[in-house]
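Chemist: Structure provided below as structure tokens; questions to follow.
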Amino acid sequence: MEKRKFLYDGKAKQLYATDDPELIIMLFKDDASAYNGVKKSSIKNKGILNNKISSLIFQKLEENGIKTHFVKQLDDCNQLCKKTEVIPLEFIVRNVVAGSLARRLDIEEGFVPANPIYEICYKNDDLRDPFINETHARAMNLATEEELKQILRLVPQINEIMIDMFANVGITVVDFKMEFGRDKNGQLLLIDEISPDSARFWDSKTKNRLDKDRFRRDMGKIEEAYREVLERLGER
Ligand code: 5GP
């Protein structure tokens, strides 16, 4: 597979075309940002660790029947993915209250709600990814009725697979963000990444944070935390 034209430079990843028009290469960078780009830095080996962690998660989801853009991990920082048209929505699932939800509703972080909480954000950096609901998404034509229905069925399924995968290695999936795209046949695929950059992972016993909150909150030992997630999932 040949890496061709540079397509896009994101906050934590770059996209490249390949010699196959239906495939792209996603390169995971060490760059880290938080608070909509206000806080920026670089975390040593983050690209390698997130590429490996997200590859393991997407493989597990595929094994469980979830259709994703993931094709294969190519090397330390690159993975091969199916090209899709990105649906400009972010779907967040929360199993434990933390982060913006704790602030918004003044609930203590760590509170376990009676059911998982699902949120939708409009993916738009200039507007700081505002919180919307399904009726906004439909009204703004951001996804079709059928796509939204399908996504709202998939999100709890993906959450169950994630909870199970991480419970087996002593990690609580506090919350995470998902994105979806449509391939050239219009098939809906889970895209982007799921990693400690886009999820909160807490050690189930100690509640130690193994995710980007260590960067957001200047807690230190960021690389170590990401590596701990990868090692618990069974890789080095
Ligand atoms: P919160 O709304 O509490 O800041 O985030 C909830 C969860 O979604 C966290 O796991 C967070 O990492 C993830 N998340 C929300 N928005 C984004 C985003 O724009 N980019 C990334 N990478 N993750 C996000």
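Chemist: Please give me, ordered by residue number, the GluC sites (Glu not before Pro) of segment 44-132 that lie in loop per DSSP and have at most 14 other Cβ atoms within 10 Å.
Modeler: Those that pass, being in a loop and sparsely packed, are 108.
Chemist: Strictly greater than 21 Å: what percent of every Cα pair in the chain meets that? Numbers along the way, then the final one.
Modeler: Values: 15671 of 27730 pairs.
Result: 57 percent of Cα pairs exceed 21 Å.
Chemist: Which distance in Å, rounded to a whole number, links the C-alpha centroids of segment 178-222 and segment 1-72?
Modeler: Here the answer is 12 Å between Cα centres.
Chemist: Would you please name the GluC sites (Glu not before Pro) within segment 146-236 that are DSSP coil residues with at most 14 other C-beta atoms within 10 Å of their C-beta?
Modeler: For GluC sites (Glu not before Pro) across segment 146-236 that sit outside H, G, I, E and B with at most 14 neighbouring Cβ atoms in 10 Å, the list reads 235.
Chemist: Follow-up. When only alpha-carbon atoms count, how far does segment 29-152 stretch along each of its three principal axes, as whole angstroms with the largest first?
Modeler: The Cα atoms of segment 29-152 stretch 41, 35, 33 Å along their principal axes.
Chemist: Here's a follow-up. With a sphere of radius 15 Å drawn around the Cβ of residue 8, what net charge do the other residues whose Cβ falls strictly inside it have (Lys, Arg +1; Asp, Glu -1)? It would help to have the intermediate numbers written out before the result.
Modeler: Working: positive: 3, 4, 5, 11, 13, 29, 83, 123; negative: 9, 31, 85, 125, 179, 192, 193.
Cβ neighbours under 15 Å give a net charge of +1.
Chemist: Per-residue ellipticity at 222 nm for the chain, helices alone: DSSP H runs ≥ 4 residues times -39500 (n - 2.57), over residue total, nearest 500 deg cm²/dmol?
Modeler: Value at 222 nm, helices only, nearest 500: -9000 deg cm²/dmol.
Chemist: So for segment 45-101, considering every pair of alpha-carbon atoms, how many percent are separated by more than 12 Å?
Modeler: 74 percent
Chemist: Moving on. What range in the chain is the longest one free of chymotrypsin sites (Phe, Trp or Tyr not before Pro) that are in a loop by DSSP and have at most 16 other Cβ atoms within 10 angstrom? Don't skip to the answer; put the middle values down first.
Modeler: Details: sites that count: 35, 111.
Here the longest run is 112-236.
Chemist: Which one of 126, 197, 75 has the biggest mean-square fluctuation once the chain is modelled by GNM with Cα springs under 10 Å?
Modeler: Of 126, 197, 75, the Gaussian network model singles out 126 as fluctuating most.
Chemist: So, one more: From the C-alpha coordinates alone, can you work out the Kirkwood hydrodynamic radius of segment 6-82, in Å?
Modeler: Values: mean 1/r = 0.0758 Å⁻¹.
Value: 13.2 Å, from the Cα pair sum.
Chemist: Within straight cross-link reach of residue 212, meaning Cα distance under 20 Å, which lysines are found once same-chain residues fewer than 8 apart are removed?
Modeler: Residue 212 reaches 11, 13, 29, 39, 40, 44, 46, 52, 123, 177, 221.
Rule-based calculations on the coordinates, nothing more; no lab input. As the structure is a prediction and not an experimental result, all values here were calculated from the model. Cβ coordinates were reconstructed from backbone atoms using ideal geometry, including for glycine residues, and neighbour counts include every protein chain displayed.
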